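The values are calculated or read from the model by the stated rules, or taken from the named source; none is laboratory data. As the structure is a computational prediction, the values presented were derived from the model and not from experiment. Neighbour counts are summed over all protein chains in view; Cβ atoms, including those assigned to glycine, are modelled from backbone coordinates with ideal geometry. Remember, those area values only see protein heavy atoms, side chains included, never the ligands or the DNA or RNA. Shrake-Rupley method; radii C 1.70, N 1.55, O 1.52, S 1.80 Å.
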Amino acid sequence: MTAVLQNIIDGRPTASDGELLDLIDPSTGEVYGQAPISTAAEVDAAFAAASRAFPAWRDATPAQRQLALFRLADALAEHAEEFADLESRDTGKPRATLVSDEIEQSVDQLRFFAGAARELNGRAAAEYAEGFTSYVRREPIGVVAQVTPWNYPLNMAIWKIGPALAAGNTIVLKPSETTPSTTVRLAELAAGILPAGVFNVVLGDRTTGALLTEHPVPQLVAITGSVRAGQAVAESASKQLKRVHLELGGKAPAVIFADADLQRAARGIAEAAFFNAGQDCTAATRVLVHSSVHDEFVRTLVAHVEAEIRTGAPDSGAFYGPLNNPAQLERVAGFVERLPEHARVETGGRRQGETGCFFEPTVVTGVRQDDEVVQNEVFGPVLTVQPFETENEAVELANGVPYALAASTWTTEHATAMRMTRALDFGCVWVNAHIPFVSDMPHGGFKQSGYGKDLSVYGFEDYTRLKHVMSSLE
């Protein structure tokens, strides 16, 4: 019989009365399990559990919360191979590199936030008015609702729960309906470490997500997802004046100057464009290259892609796996099918095989700034290349999209790099690299890429509130 995942509410697996969705392996198209579309009553139960658990978790010492997160990180590390198996089955990602690429990062991020739990500090006490002492308390917000996407199911769950738990909040989290397995397993491990009700997981689709974000209990809603989803959450939250934390889409440019190391740039950008099948909001999606080296760079890039970048099954040794689901495959193929006549597909551009959701690594030249493929997020293995003449034009093209999450610039001139990092209107800018992350530095964008920060102490502070306490000295 097909296994059916269960919600984790109040520290216990809890069956749902909701309709069941099939879980499909995107590499084979085969059904391997089912998960429920949780009902309003089940969402209510999860928030009730989180509300009951909040006072004690809030009042736990930072050292106690830190120890719990360290234990959860250790448990994740001990079960790394199991999590990699689950993640590969849900997403189709190459199995051989999942532990090093994602599981170990998740462990490190949990450990970072465990350390941050000891830094829940306010401003030192002082007398700002005669006869009164003032100080600032930094406190947890309360119960928070969180929604995570399908591109990095475990990693995005860690980005959400790590700072929230470290700060003393309790959680109700909904993973994507297509990739819930690692989140449920994480909650199962957490149930043996955290107090009951501190971390709850409810499964479901958009309907369930709306029940979470519109619920009256949570004081903060945090989501990683599409711009459309973020807009819906922000609109819903505004009616109850809830705080919102949005990490949304991206359309990252990679700006290459004539003096750049073209071989290095081609290799780095190809890896950043096609890692995880381009299903990454920080993926390099738009190459902007100086006209004097445009043709040379395109030849170098295409040669590298055709020699080194291929898609295939999780156990095939391929660089990336399938797109997440048939709808995403159709979406990506549609962008290529609708390319204008002036655009040219240099390599790729087609579905690969008849089984699974595989799409070839695709490089497109001849595009113009107002083309759909330049302006809109494809979220797939499609990379465009445009020439520029001047630094000012490069900045204008790079910033001339609705998104502002990440960018990179490639040059050997220090002054050029410094000017570009200032001028590029993106939340993260890399120099001579694209896509590396560290737990200690913030991740988050501007414009339609959302607001709020993940990772780092800034991400931790997003899950806190400030209280001014003023005491009379008489």
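Points worth noting:
- Scanning residues 5 or more positions from residue 284 or on other chains, those with amide H under 5 Å from its amide H are 273, with H placed 1.01 Å from N in the peptide plane.
- Counted charge near residue 147, where neighbours are those whose Cβ lies closer than 14 Å (Asp, Glu -1; Lys, Arg +1): 0
- With protein chains left intact and a 1.4 Å probe, residues in region 233-364 average 41 Å² of accessible area per residue.
- HN-Hα J in Hz across region 83-94 - Karplus 6.51, -1.76, 1.60, θ = phi - 60°, x for Gly and Pro: 5, 5, 4, 5, 5, 5, 5, 5, 10, x, 5, x
- For region 8-102, convex hull volume per residue from C-alpha positions, Å³: 121
- When the solvent-accessible area of region 139-195 is split by element, carbon and sulfur atoms take up 54 percent of it, the probe being 1.4 Å.
- Of the options (i) 193; (ii) 208; (iii) 153, only one is volume of the Cα convex hull per residue in Å³ as computed from these coordinates, and that is (iii).
- For region 30-69, the share of accessible area belonging to carbon and sulfur comes to 60 percent (1.4 Å probe, ligands and nucleic acids excluded).
- Distances between placed amide hydrogens fall under 5 Å for residue 383 paired with 362, 363, 364, all partners being 5 or more residues away or on another chain.
- Our note on the geometry: Cα centres of region 392-419 and region 295-344, 24 Å apart.
- Counting all C-alpha pairs of region 50-98, share separated by more than 13 Å (%): 68
- Put the Cα centre of region 1-63 next to the Cα centre of region 154-173 and the gap is 15 Å.
- Per residue, the solvent-accessible area of region 402-441 (1.4 Å probe, heavy atoms of protein chains only, all protein chains present) comes to 45 Å².
- Accessible area of region 332-473 belonging to carbon and sulfur atoms, whole % at 1.4 Å probe: 50
- Taking θ as phi - 60° and the Karplus parameters 6.51, -1.76 and 1.60, the scalar couplings of region 183-197 work out to 5, 5, 5, 4, 5, 5, 5, 5, 4, x, 10, 8, x, 4, x Hz in sequence order, x denoting glycine and proline.
- Region 213-356: translational diffusion in µm²/s, Stokes-Einstein, Kirkwood Rh over Cα pairs, 20 °C, 1.002 mPa s: 120
- Percentage of interatomic Cα-Cα distances in region 46-174 larger than 21 Å: 50
- Length available on full extension from residue 243 to residue 308: 0.36 nm per residue minus the Cα-Cα distance, which gives 19.0 nm.
- Karplus-derived 3J(HN,Hα) values for region 359-366, using 6.51 cos²θ - 1.76 cosθ + 1.60 with θ = phi - 60°, are 9, 5, x, 10, 10, 10, 10, x Hz; glycine and proline are entered as x.
- Amide N proximity, region 294-318 versus residue 100 label position 7 Å along Cα-to-Cβ, cut-off under 18 Å: 308-310, 314-318
- Cα-only Debye scattering, region 183-248: base-10 log of I(q)/I(0) at q = 0.26, 0.29 Å⁻¹: -1.12, -1.22
- Inter-label distance, nm, simple model (7 Å from Cα along the C-beta direction), residue 437/residue 124: 3.6
- Protein heavy-atom accessible surface, 1.4 Å probe, per residue over region 1-156: 45 Å².
- Relative contact order of the chain, pairs being alpha-carbon contacts under 8 Å that are 6 or more residues apart, as %: 19
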